[in-house]
């Protein structure tokens with residue numbers, strides 16, 4: 001095998017070997033990915049019980065459904081490249097990636113997909129356990145289940161391109177942790193991680209839709225749970241496609257400018 | 001007294017080391033303020049829909065957030081950096097240098113590095129606590145304040161002993177950093193009163209990762225809902241965990257073979 005398919009196949013083997021080597025990291029990963037939605041699920045369930053059984057159209061069972069689906073969607077769309085780029089630029093390991101004949105984004109994409117294939121059974125098991133504890137109520141319509149799939153894949157594409165582009169800030173500054181934190185906090189509120197977007201104040205809700213955040217995570221969850229109608233679903237898929245095109249061109253632009261200013265430390 | 005002097009010396013070393021990088025202070029302050037803003041904004045969203053959360057009023061939870069920042073800041077200020085260095089020095093054998101010094105090696109290892117900019121978290125935590133206390137106002141009497149101080153000290157001892165036990169396991173295990181990361185991600189759950197969690201999670205957050213004693217119990221004192229049984233329990237647990245950490249440390253030292261081995 002050669003070319004890109006070969007690269008992806010090889011990356012899969014490498015990721016698998018790495019993951020089986022560092023099993024403890026898998027446990028840490030699992031805890032941090034389950035704990036966040038679990039905490040907010042408990043907080044909102046408690047809040048809805050304290051105020052008469054439901055807030056903003058969500059009762060305990062609906063919150064359970066929301067946060068369990070959110071956890072699964074988040075699993076599909078999340079990336080860790082923003083944590084890694086600073087290290088790559090600072091330590092100069094990016095130099096090796098630049099020597100290769102393919103764009104470095106391919107190895108990140110392959111690494112992301114293969115890691116997720118390996119960790120999916122774990123997160124599914126966690127979802128089943130959470131479902132047994134919190135008794136979610138799902139009423140999924142057939143069309144929503146169908147529309148969920150493209151929305152999920154597009155959400156992954158938007159988030160991957162966006163975060164890969166933002167990660168390139170490491171070319172210009174070594175203080176990316178502050179930039180990352182701003183982004184993660186915005187994402188916490190605006191992509192539906194801490195609460196369903198419909199519970200946020202109107203300005204934040206607007207910001208979530210105007211900015212890419214809603215389209216990276218919340219939107220597929222809303223579709224599957226029947227919180228958006230089919231016409232809004234179609235519009236949303238269009239918006240996602242628009243963000244992908246925009247981020248794609250932005251990524252090319254920033255990448256070219258970034259590689260020009262890159263001078264590996266210690267090289 | 002001697003050890004306080006030692007801590008002060010390490011603190012000064014930390015200050016001298018960091019004064020060359022003063023921008024770091026503003027970056028740290030910015031990040032701490034962001035984190036605090038996030039916590040408060042999260043509370044604001046939740047409390048637009050409910051008047052109390054599991055029996056806690058907004059001001060009481062604000063006090064809890066203050067304790068969370070204060071305790072987390074104190075850990076990141078000295079306990080975490082020192083014990084991370086301990087783990088490193090067990091691995092590469094430089095613990096020898098601590099062992100030959102004429103002070104208790106456990107104390108030395110617990111205070112040997114101070115990350116001074118984390119004082120921002122401690123300061124912000126205190127500021128939030130003051131604001132929360134002012135808003136709680138008349139409900140906090142001298143007795144509550146004494147209970148708070150007692151619970152806070154017990155919580156500090158528990159968290160320190162817990163970290164010490166984890167770090168000491170480096171004498172047997174190689175990759176302890178992973179376990180520390182589990183603690184850090186679970187500590188985040190302490191931002192909310194542990195009483196709202198389901199029983200199994202509350203148990204885990206009390207005894208497996210003792211964030212309930214570190215944050216919820218002191219905040220309970222300010223909210224006027226701390227019983228003397230819980231406070232006594234916290235002190236018993238603190239004493240037991242502290243002794244366990246000490247014994248474990250001694251066992252670890254017996255196993256340690258030094259750099260040349």
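See the values below:
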quantity: Helices (runs of 4 or more DSSP H) within segment B:31-116 that include 3 or more residues touching a residue at least 60 places away in the same chain (Cβ under 8 Å), more than 14 Å from chain A (Cβ to nearest Cβ) and surrounded by 22 or more Cβ atoms within 10 Å (Cβ to Cβ); calculated: B:58-74, B:80-92
quantity: Check on residue A:115, closer than 29 Å to residue B:187 by Cβ, surrounded by 15 or more Cβ atoms within 10 Å (Cβ to Cβ) and in contact with a strand residue (DSSP E or B) (Cβ under 7 Å, 6 or more places away or on another chain); calculated: no
quantity: Failed item, numbered, when residue B:233 is tested on (1) part of a helix (DSSP H, G or I); (2) surrounded by fewer than 18 Cβ atoms within 10 Å (Cβ to Cβ); (3) touching a helix residue (DSSP H, G or I) at 6+ places or on another chain (Cβ under 8 Å); (4) away from every other protein chain (no Cβ under 14 Å); calculated: (3)
quantity: Close pairs from segment A:43-60: first facing another protein chain (nearest Cβ under 7 Å), partner in a strand (DSSP E or B) and buried (at least 21 other Cβ atoms within 10 Å of the Cβ), Cβ under 8 Å, at least 6 apart; calculated: A:43/B:53; A:46/B:53; A:47/A:55; A:47/B:53; A:50/B:53
quantity: Meets criteria (surrounded by fewer than 20 Cβ atoms within 10 Å (Cβ to Cβ), touching a helix residue (DSSP H, G or I) at 6+ places or on another chain (Cβ under 9 Å) and either within 13 Å of chain B (Cβ to nearest Cβ) or in contact (Cβ under 8 Å) with a residue 40 or more places away in the chain (or both)) for residue A:209; calculated: no
quantity: Of all residues in segment B:173-211 being under 18 Å from residue B:60 (Cβ atoms) and in a loop (DSSP other than H, G, I, E, B), the one that is farthest from the other protein chains (Cβ to nearest Cβ); calculated: B:193
quantity: Residue match in segment A:180-190 (condition: more than 14 Å from chain B (Cβ to nearest Cβ), in contact (Cβ under 8 Å) with a residue 40 or more places away in the chain and surrounded by fewer than 20 Cβ atoms within 10 Å (Cβ to Cβ)); calculated: no
quantity: Matching residues, segment A:25-42, being free of Cβ contacts under 8 Å to residues at least 60 places away in the same chain and crowded, with 16+ Cβ neighbours inside 10 Å; calculated: A:28, A:31, A:35, A:39, A:42
quantity: Options A:147, A:125, A:139; residue that is over 28 Å from residue A:245 (Cβ atoms), over 17 Å from the mean Cα position of the chain (by Cα) and touching a residue at least 60 places away in the same chain (Cβ under 8 Å); calculated: A:139
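For (1) touching a strand residue (DSSP E or B) at 6+ places or on another chain (Cβ under 8 Å); (2) buried (at least 18 other Cβ atoms within 10 Å of the Cβ); (3) within 14 Å of chain B (Cβ to nearest Cβ), each residue gets a yes or a no:
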| position | (1), (2), (3) |
| --- | --- |
| A:203 | no, no, yes |
| A:216 | no, yes, no |
| A:220 | no, yes, no |
| A:230 | no, no, no |
| A:248 | no, no, no |
| A:251 | no, yes, no |
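For every residue, the table says whether it meets (1) within 14 Å of another protein chain (Cβ to nearest Cβ); (2) in contact with a strand residue (DSSP E or B) (Cβ under 8 Å, 6 or more places away or on another chain); (3) part of a loop (DSSP other than H, G, I, E, B); (4) more than 22 Å from residue B:110 (Cβ to Cβ).
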| position | (1), (2), (3), (4) |
| --- | --- |
| B:143 | no, no, no, yes |
| B:147 | no, no, no, yes |
| B:155 | no, no, no, no |
| B:166 | yes, no, no, no |
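Taken together, the values in this text are just the output of simple stated rules run on the coordinates, not laboratory data. Small disclaimer: the values here were computed from a predicted structure and weren't measured. Quick reminder, even Gly has a Cβ in these numbers, built from the backbone with ideal geometry, and neighbours come from all protein chains shown.
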